[in-house]
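See structure below.
The values are calculated or read from the model by the stated rules, or taken from the named source; none is laboratory data. On a predicted model such as this, the values are computed, not experimentally measured, just so you know. Don't worry about glycine lacking a Cβ; one is built from the backbone with ideal geometry, like all the others, and counts go over all protein chains shown.
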Amino acid sequence: MRIAAAAVAVAYIAVQVFQDIVYRVLPTPATPTEELLAGAHPLHLVRSTLMLFAMVGLIFIYTTLALQRIRARPVLAGFAIACFGVFGLLEIGLRSVELFWTQVQLPHEPAGVDQLVAFQAVQGALYFPLMLATWIGSVLLFVLFRDRLLRAILALNLARITARLLTSYAHVPLLPTDVYEQIYLGLVIAFHGPLAYWLCKGRVSDGPAGIANPAGHRSMG
């Protein structure tokens, strides 16, 4: 299961690289009308489809991590899985609406621009519980594990989510959108690359402290 999760993490990086290429190749929309029409471009349709399925992959990765500690810390691990489940449901729901409604259907409707703007406002609001669920789940994972490499990986992701939450919803400009968009792909690689390595090579203990089990039992994963 861990090897499969590592492969999914690498695949996720590939999807994000493709998305970055699409954004760089295609012109940046300057108006809502241009944005509506751009969404119907074949490359954007492929990008959105890949990102939709990539969200399923993220749920699998996070769940796999939490399951490594399910026997030792069932309550915390269970809450972590629940948090990432909320994240996944919101992400899949929003991306499905974005793809099948705003990109496939709305470009052919007269009031498409107004509906796109309304959707984006709702999307922005729903990203608060989505990101908060991811933040709580990531905190729980940080508590569940004692492995230094994994904790460093999780700390990087926590810092990113915290900065975005404070910037977007508390209006504390720690990571403005224009800066975030420039470094986003680098952050994705910096998190999922080492995570894939840890999933392949890292060791997990069933002991309550997350360190080597003195009884000599084989660790999970």
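Observations
- Gly124 vs. criteria assigned to a helix (DSSP H, G or I) and either of a type in the set (D, E, K, R) or surrounded by 13 or more Cβ atoms within 10 Å (Cβ to Cβ) (or both): no
- Any chance Gly85 is closer than 27 Å to Ile13 by Cα, over 14 Å from the mean Cα position of the chain (by Cα) and either free of Cβ contacts under 8 Å to residues at least 40 places away in the same chain or not in a helix (DSSP H, G or I) (or both): no
- Residues of region 157-173 satisfying the condition of being touching a helix residue (DSSP H, G or I) at 6+ places or on another chain (Cβ under 6 Å) and surrounded by 15 or more Cβ atoms within 10 Å (Cβ to Cβ): Asn157, Leu158, Arg160, Ile161, Leu165
- Of all the listed residues (Val139, Val113), the sole one being part of a helix (DSSP H, G or I) and closer than 16 Å to Ala159 by Cα is Val139.
- Here Gly57 clears all of (1) under 21 Å from the mean Cα position of the chain (by Cα); (2) closer than 22 Å to Ala6 by Cβ; (3) exposed (fewer than 15 other Cβ atoms within 10 Å of the Cβ); (4) not polar (S, T, N, Q) except the condition numbered (3).
Residue by residue, here is whether (1) in a helix (DSSP H, G or I); (2) among the basic types (Lys, Arg); (3) at pLDDT below 95 holds:
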{"residue": "Ser168", "(1), (2), (3)": "yes, no, no"}
{"residue": "Gly186", "(1), (2), (3)": "yes, no, no"}
{"residue": "Arg203", "(1), (2), (3)": "no, yes, yes"}
{"residue": "Ala215", "(1), (2), (3)": "no, no, yes"}
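- Leu99 being surrounded by 15 or more Cβ atoms within 10 Å (Cβ to Cβ), in contact with a Lys or Arg (Cβ under 6 Å, 6 or more places away or on another chain) and without any contact (Cβ under 8 Å) to a residue 60 or more places away in the chain: no
- Of the candidates Ala133, Ala77, the single residue that is among the small types (Gly, Ala, Ser) and under 16 Å from the mean Cα position of the chain (by Cα) is Ala133.
The rows are residues; the columns are (1) exposed (fewer than 15 other Cβ atoms within 10 Å of the Cβ); (2) of a type outside the set (Lys, Arg); (3) over 30 Å from Arg146 (Cβ atoms).
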| site | (1), (2), (3) |
| --- | --- |
| Val22 | no, yes, yes |
| Pro29 | yes, yes, yes |
| Thr64 | no, yes, no |
| Arg73 | no, no, no |
| Pro110 | yes, yes, yes |
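- Flag for Glu98 being within 23 Å of the chain's Cα centre (by Cα) and within 30 Å of Ala38 (Cα to Cα): yes
- Matching residues in region 78-104 - criterion: being of a type in the set (Val, Ile, Thr) and within 10 Å of Leu130 (Cβ to Cβ): Val86
- Scanning region 175-196 for residues that are more than 20 Å from Thr28 (Cβ to Cβ) and surrounded by fewer than 16 Cβ atoms within 10 Å (Cβ to Cβ) yields a total of 3.
- Residue in region 31-50 that is part of a helix (DSSP H, G or I), under 15 Å from the mean Cα position of the chain (by Cα) and either free of Cβ contacts under 8 Å to residues at least 40 places away in the same chain or surrounded by fewer than 14 Cβ atoms within 10 Å (Cβ to Cβ) (or both) present: yes
- Output for region 10-30, where each listed residue is more than 19 Å from Arg95 (Cα to Cα) and in contact (Cβ under 8 Å) with a residue 60 or more places away in the chain: Val10
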